[in-house]
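All remarks here apply to the structure that follows.
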2 protein chains.
Amino acid sequence: MSAPPFNKIAIIGLGLIGSSIAHAARRENLAGRIVGYDASADVRGRARTIGFAHLVADDIAACVEDADLVILCAPVGAYKSIAAAAAPHLKPGAILSDVGSVKGAVIRDVGPLVPPGVHFIPAHPIAGTEFSGPEAGFATLFDGRWAILTPLPGADAEAVGRLKAFWQGLGSQVDVMDAAHHDLVLAITSHLPHLIAYNIVGTAHDLEAVTEGEVIKYSASGFRDFTRIAASDPTMWRDVFLNNREAVLEVLGRFNEDLSILQRAVREGDGQTLFDTFSRTRAIRRAIIEMGQETPAPNFGRDFKK
Amino acid sequence: MSAPPFNKIAIIGLGLIGSSIAHAARRENLAGRIVGYDASADVRGRARTIGFAHLVADDIAACVEDADLVILCAPVGAYKSIAAAAAPHLKPGAILSDVGSVKGAVIRDVGPLVPPGVHFIPAHPIAGTEFSGPEAGFATLFDGRWAILTPLPGADAEAVGRLKAFWQGLGSQVDVMDAAHHDLVLAITSHLPHLIAYNIVGTAHDLEAVTEGEVIKYSASGFRDFTRIAASDPTMWRDVFLNNREAVLEVLGRFNEDLSILQRAVREGDGQTLFDTFSRTRAIRRAIIEMGQETPAPNFGRDFKK
């Protein structure tokens, strides 16, 4: 067995993504040693019990010291204080990366705190589930998914290459783009869908003429598909929306314009507009399936039987 | 083996739902004979090849004559002309039912055409997949799902009981309610989710700054969950929105109000409102899972590996 590409990896934040990175990195022997840290003592204890890290440190300094690769896996609103605590202890030549769902704000918050000689390369794996916490992680989470790196202009090509190889080692395919484009792409593929899903679940909850029991019983008619992403971690998603405001408002504006057109078509009984809109959306699902990003099985292949 | 509860069942419209009823009724021996009809000669031919019906008739009269139970399984916009063609051939004492996603409009369109002595009992199984056509049907589609009957005031209790037992035989749990309430409940649990899903897929499609390839590649971040119901049959859904206008506009108005509040919270950086909204939606998913209407597996239990 060849030597792992990193001697020590530090993972700060031991939820779904942090724990999955640890599981996958161990599976692929990508690190001589994985040291984790989480702001919550409870989470640190649970992570120790599960054992996906070689060590769970009780402070950031101990977690990051001597690490070749440090990955921030906390909600992005916490990055600034984490980076400030970690910075004095980062090894020269280390790669500092993250997994945040927004990239412009991460560069704004973390960039100024990065010591000279440390390679700051933001990243975002496009993978997840609706579950949170250290128990939610698993080694195959990134298999076949995409990870996006958003290196800053002038980033060290060799360090970018090492981080790219790391994510490929975790099972991902890797793309590189600039942070602003990332934030717009994710606004439409991820942030807006989450906002809409949270919203419709809330609307259903508040509708006084329909009971919650009815919403639950008849949810197989469409509603339940929205409840999965609306069950995602509230802190993480609050931070996403606080940190990608412009792009989210831009795509939300488009969404609202398009919805007004459908609303008018419903009001006026304009069947042709409805039919045309409903007809052009099948192709995109077919393409997602062909790209290996979705199952072709009906109803997501859910097992209906308990 | 005891005699089946119906001598002859006629199924008009041989798509996903019609063919699934045939499969499930055969599995449970609910009919001595199942005769199908579809307006499309191509669909009739494919249905004959599959063989879920004992006979596929070439006209509505032959399909419904002598049937004890006639079920309309076409898009609701076609019901009026189907009912007009079927009416002269319906057997006295027969039950005329349907599976349409709206009920008030069905009563409006079909009710006046029902001959005396025929029991008209509208129904709606809360089940489906994103696939259409006679090949899409399968015998377990209704297992554990709900079916709603909306009998008119004064409906024959014995006939309602027989239809209820039929749907239970297909595997469903059965509720009875009035048509107006059905249409409001389904507007929030089904019609609005479909409108929103179709809309966001359209918005993503039209966004010129983000390529369709990017939307597809990064869809695992949330977007792909919406593409399933946005791949549903366009004709069926056009007819739903043309025939449940008031209830859809009512819940869409609520949705828009709620979305305005979230939009403002994003604009103003109001993290508390975002967090509070995102925190109260997990419970409803948990309840749906506990009611057996959803899988507890992460990501709907999708198999990520091809």
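Every read-out reported here was derived from the displayed coordinates using simple, explicitly stated rules and does not represent laboratory data. From a predicted model like this one, the values you see are computed outputs, not experimental measurements. With ideal geometry, Cβ positions are generated from the backbone for all residues, glycine too; neighbour counts draw on all protein chains shown.
To test your reading of the geometry: what angle, between 0 and 90 degrees and rounded to tens, separates the Cα axis of helix A:157-169 from the longest principal axis of chain A?
60
Rounded, prolate or oblate, given the Cα gyration tensor of chain B, with a/c below 1.5 counting as rounded? Walk me through the numbers before you get to the answer.
Working: a/c = 1.98, a/b = 1.76, b/c = 1.13.
It is prolate, given that a/c is not under 1.5 and a/b is the larger ratio.
Of the candidates B:V215, B:V114, B:V201, which one comes out as most mobile in a Gaussian network treatment of chain B with C-alpha springs shorter than 10 Å?
So, out of B:V215, B:V114, B:V201, the one fluctuating most is B:V215.
Between B:L69 and residues 5 or more places away or on another chain, which pairs have amide H atoms under 5 Å apart, with H built 1.01 Å from N, and which residues are they?
B:K8, B:A10, B:I95
If I take every Cα pair under 8 Å that is 6 or more residues apart in region A:181-301, average their sequence separation and divide by the length, what percent do I get for the relative contact order? Intermediate values should be presented prior to the final figure.
Details: 47 pairs, mean separation 32.3, N = 121.
After rounding, I find 27 percent.
Count the net charge of all other residues whose Cβ sits under 13 Å from the Cβ of B:P5, scoring Lys and Arg as +1 and Asp and Glu as -1. Intermediate results must be reported in sequence, preceding the final value.
Values: positive: B:K8, B:R33, B:R162, B:K164; negative: B:E28, B:D68, B:E158.
Overall, the nearby charge balance is +1.
Long-range amide H contacts for A:W146: which residues qualify at under 5 Å (H placed 1.01 Å from N, peptide plane, sequence gap of 5 or more or a different chain)?
Long-range HN contacts for A:W146: A:I126, A:Q173.
Quick check on region A:6-177: of the DSSP beta bridges with both residues there, what percent are antiparallel, nearest 5%?
On the way: 4 of 26 bridges.
Counting DSSP beta bridges with both partners in region A:6-177, the antiparallel share is about 15 percent.
Taking Cα pairs under 8 Å and at least six residues apart, what relative contact order does chain A come out at, in percent?
Working: 475 pairs, mean separation 47.7, N = 306.
That works out to 16 percent.
Which links in A:K8/A:K103; A:K217/B:K8; A:K217/B:K103; A:K217/B:K217; A:K91/B:K217 stretch past 29 Å when you go from one Cα to the other? Intermediate results must be reported in sequence, preceding the final value.
Working: A:K8/A:K103 25 Å; A:K217/B:K8 31 Å; A:K217/B:K103 18 Å; A:K217/B:K217 34 Å; A:K91/B:K217 35 Å.
Among A:K8/A:K103; A:K217/B:K8; A:K217/B:K103; A:K217/B:K217; A:K91/B:K217, the Cα-Cα distance tops 29 Å for A:K217/B:K8; A:K217/B:K217; A:K91/B:K217.
Where does the charge balance sit around B:A165 when Lys and Arg score +1, Asp and Glu -1, over other residues with C-beta under 11 Å from its C-beta?
Computed value for this residue: 0.
With a ≥ b ≥ c the root eigenvalues of the C-alpha gyration tensor of region A:181-301, is it rounded (a/c under 1.5), prolate (a/b larger than b/c) or oblate?
Details: a/c = 1.18, a/b = 1.06, b/c = 1.11.
Rounded.
Taking every residue in B:176-184, how many Cβ atoms of other protein chains lie within 10 Å of its Cβ, on average?
Average per residue, whole number: 1.
Roughly how tilted is helix A:234-243, in degrees to the nearest 10 and between 0 and 90, from the longest Cα axis of chain A?
Compared with the principal axis, the helix lies near 90 degrees.
Output the 0 to 90 degree angle, nearest 10, between the alpha-carbon long axis of helix B:245-268 and the longest principal axis computed from the alpha carbons of chain B.
With both axes taken from Cα atoms, the answer is about 10 degrees.
For n ≥ 4 DSSP H runs only, could you compute -39500 (n - 2.57) per run for the protein assembly as shown, divide by its residues and tell me the 222 nm figure to the nearest 500? Walk me through the numbers on the way to the answer.
On the way: 28 runs with 286 residues, N = 612.
When only DSSP H runs of four or more count, the value is -14000 deg cm²/dmol.
Could you go through region A:208-217 in sequence order and give the Karplus-derived ³J(HN,Hα) for each residue, using 6.51 cos²θ - 1.76 cosθ + 1.60 with θ = phi - 60°, rounded to whole Hz, and x for Gly and Pro?
Rounded to whole hertz, the list is 6, 7, 10, 6, 4, x, 5, 4, 5, 4.
Applying the Karplus parametrisation 6.51 cos²θ - 1.76 cosθ + 1.60 with θ = phi - 60° to the phi angles of region B:272-277, what ³J(HN,Hα) value in whole Hz is obtained for each residue in order, glycine and proline being reported as x?
Taking θ as phi minus 60°, the curve returns 5, 4, 4, 4, 4, 5 Hz for region B:272-277.
In terms of the Cα gyration tensor, with a ≥ b ≥ c the square roots of its eigenvalues, is region A:6-177 rounded because a/c is under 1.5, prolate because a/b exceeds b/c, or oblate?
On the way: a/c = 1.40, a/b = 1.13, b/c = 1.23.
Cα axes put region A:6-177 in the rounded bin.
How many angstrom separate the Cα center of region B:229-245 from the Cα center of region B:1-59?
24
If you take every DSSP beta bridge whose two residues both sit in chain B, what share of them, in percent to the nearest 5, is antiparallel? Each step should come with its number before you reach the end.
Numbers: 4 of 26 bridges.
Taking every DSSP beta bridge within chain B, about 15 percent pair in antiparallel fashion.
For region B:103-158 and region B:184-218, write down the distance between their C-alpha centroids in whole Å.
When both Cα centres are located, 28 Å separates them.
Output the antiparallel fraction of DSSP beta bridges having both residues in the protein assembly as shown, as a percent to the nearest 5.
Details: 8 of 52 bridges.
Taking every DSSP beta bridge within the protein assembly as shown, about 15 percent pair in antiparallel fashion.
Quick one: net charge of A:V114's neighbours, Cβ under 15 Å, K/R +1, D/E -1?
Working: positive: A:K80, A:K91, A:K103, A:R108; negative: A:D98, A:D109, A:D156.
Summing Lys/Arg as +1 and Asp/Glu as -1 gives +1.
Measuring from a point 7 Å out along Cα→Cβ, what nm distances, shortest first, does B:D276 have to its partners in the other copies?
Here B:D276 shows inter-copy label distances of 4.2 nm.
Please list, ordered by chain and number, the residues whose modelled amide H lies under 5 Å from the amide H of A:F120; skip anything fewer than 5 residues away on the same chain.
A:L96
Whole-Hz ³J(HN,Hα) for each residue in region A:180-196, computed from phi via Karplus 6.51 cos²θ - 1.76 cosθ + 1.60 with θ = phi - 60°, x for glycine and proline: what do you get?
Values per residue, Gly and Pro as x: 5, 5, 3, 5, 6, 4, 6, 4, 8, 7, 9, 6, 4, x, 5, 4, 5 Hz.
When chain B is turned about an axis onto chain A, which of its residues keeps its C-beta closest to that axis, and how many Å is it?
Of all Cβ atoms in chain B, the one nearest the axis gives B:F300, 2.
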